[in-house]
Amino acid sequence: MDWKFMIVWVVFFLAVTYLFIAFGGRMRRIKAEKQKAQMEYLERQKKYSYLKPGTLDECPREEVVAAALFHCMRKEDEDFDHYFEQMNHSEKVVYGIYQVTSSLQGQNPSIHSFFLSPATEPYVSTIAEVFEEVGAHELSDLIRAARRFAEIIANDEEDEEDDPEMGDYSRYNFTDFTQEYVALVNSTNLNEKLTEYILAHKNDFYDNEIPSENVEDGDDNDEGISE
């Protein structure tokens, strides 16, 4: 075999080996990061599924929204068919906003899915007012217009430029609504508004009864906390 030809193959083999090792190392790091994130998620879920009085004052501020959401998720998991009726107003406010944001997950995300899904139907009629209540006024206007646009499509109505509920969004389609929602969530600091709302209504998120297995060591109650 010609020595030049052999060098080419050796270089090629070394390059492929390097890429394989580098790719394998990157994949292992990604897997490790995913496992770490999943474990942290499960730890927070266990920690905040039940909220005893004082929890929201004690937990880090950046975890307040997550704590309230895990509390609401647990209620949904326990009784999917009736959880909405059993939630108080403050829980519906926070979980309603979460439902809108969750509708943007998956492939080809669109805020339109929030208005179409039977699972989120209970939130639709008041969702604009929900955003208003937490002080997210721009998002409230956007969601009100998106809701009206969903009604226009569902009822095969004429899309009129002077529709008062459409406001400044009369020319928007759901791609526009989706992109604008994401932009406003970031630019208006929605998470901080939710944090302030939850802390102002913290007693509405506390559980009166907590199973003993969810009570941390040091809590003196054999059958759970009850007020």
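Annotations
- Charge tally in the Cβ shell below 11 Å around PHE84, where Lys, Arg are +1 and Asp, Glu are -1, PHE84 excluded: -4
- Solvent-accessible surface ranking, highest first, for PHE205, PHE115 at 1.4 angstrom: PHE115, PHE205
- Counting heavy atoms of the protein chains alone, HIS137 has an accessible area of about 100 Å² for a 1.4 Å probe.
- Residue order by solvent-accessible surface for SER125, SER140 is SER125, SER140, largest first, with ligands and nucleic acids left out and a 1.4 Å probe.
- Rolling a 1.4 Å probe over the protein chains gives VAL130 an accessible area of about 10 Å².
- When the surface is traced with a 1.4 Å probe over the full set of protein chains, HIS112 keeps roughly 40 Å² accessible.
- Accessible-area order (highest first, 1.4 angstrom probe) of the listed residues TYR123, TYR41, TYR206: TYR41, TYR206, TYR123
- Within straight-line reach of LYS75, meaning a Cα separation under 25 Å, sit the following lysines at least 8 residues removed in sequence or on another chain: LYS46, LYS47, LYS52, LYS92, LYS193, LYS202.
- Here GLU85 and GLN107 are evaluated by their C-beta separation; at R0 = 45 Å the FRET efficiency comes out at 0.90.
- If you wrap the tightest convex hull around every Cα atom of segment 45-114 and split its volume per residue, you get 116 Å³.
- Inter-probe distance in nm under a simple model that places probes 7 Å from Cα toward Cβ, at ALA37 and HIS137: 3.6 nm
The values are calculated or read from the model by the stated rules, or taken from the named source; none is laboratory data. Small disclaimer: the values here were computed from a predicted structure and weren't measured. No Cβ is skipped: glycine too gets one built from the backbone with ideal geometry, and neighbour counts run over all protein chains shown. For accessibility, only protein heavy atoms count, side chains too; no ligands or nucleic acids. Shrake-Rupley method; radii C 1.70, N 1.55, O 1.52, S 1.80 Å.
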